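First the structure, in the form of structure tokens, and then the observations on it.
The values are calculated or read from the model by the stated rules, or taken from the named source; none is laboratory data. Just so it is clear, the structure is predicted and the values come from calculations on it, not from any experiment. Cβ placement follows ideal geometry from the backbone for every residue including glycine, while neighbour counts extend to all protein chains displayed.
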């Protein structure tokens, strides 16, 4: 999309106006593993008693791209930058995978119309409820 895409589209990263506004009015406080950049207001402007915080996404603007530690910071669960609050990674933790809903990679259970709409035959163990029984 190039320059025109950065001027007019907001759904694939920040527009030029948002990037300019963030650089003038925001303080960059960190970047997560996906490359999303996090900002807070330079001035002490508050919204309902809280400082203003925001994220500039890399790629598609999808809130599921925000890791849990940064989500907590954005929503004022704690004041410190997440790197100072992170425990060491656990062996069972997996890397982030984006939300695939609405894409070709979305999960489709057996019987979904997109998979042909065929379900497994009923096994005969179903008994409908009857109010008289």
Cβ pairs under 7 Å, 6+ apart or interchain, first in the range 97-116 and in contact (Cβ under 8 Å) with a residue 12 or more places away in the chain, second in a loop (DSSP other than H, G, I, E, B), ordered by first then second residue, are 98/62; 99/62
Looking at residue 13, is it modelled with pLDDT under 85, on the phi > 0 side of the Ramachandran plot, surrounded by 13 or more Cβ atoms within 10 Å (Cβ to Cβ) and out of contact with any strand residue (DSSP E or B) (no Cβ under 7 Å at 6 or more places or on another chain)? yes
Of those in the range 28-43 that are exposed (fewer than 13 other Cβ atoms within 10 Å of the Cβ) and more than 16 Å from the chain's Cα centre (by Cα), the residue modelled with the highest pLDDT is 28
Could you say whether any residue in the range 99-116 is part of a helix (DSSP H, G or I) and within 23 Å of the chain's Cα centre (by Cα)? no
Note on the range 58-84: residues assigned to a loop (DSSP other than H, G, I, E, B) and either modelled with pLDDT of 85 or more or within 20 Å of the chain's Cα centre (by Cα) (or both) are 58, 59, 61, 62, 66, 67, 75, 76, 77, 78, 81
Checklist entry - Yes or no: residue 23 under 21 Å from residue 102 (Cβ atoms) and either in a loop (DSSP other than H, G, I, E, B) or modelled with pLDDT under 90 (or both)? => result no
Conditions (1) loosely packed, with under 13 Cβ neighbours inside 10 Å; (2) touching a strand residue (DSSP E or B) at 6+ places or on another chain (Cβ under 7 Å); (3) more than 19 Å from residue 18 (Cα to Cα) -> residue 86 fails only (2)
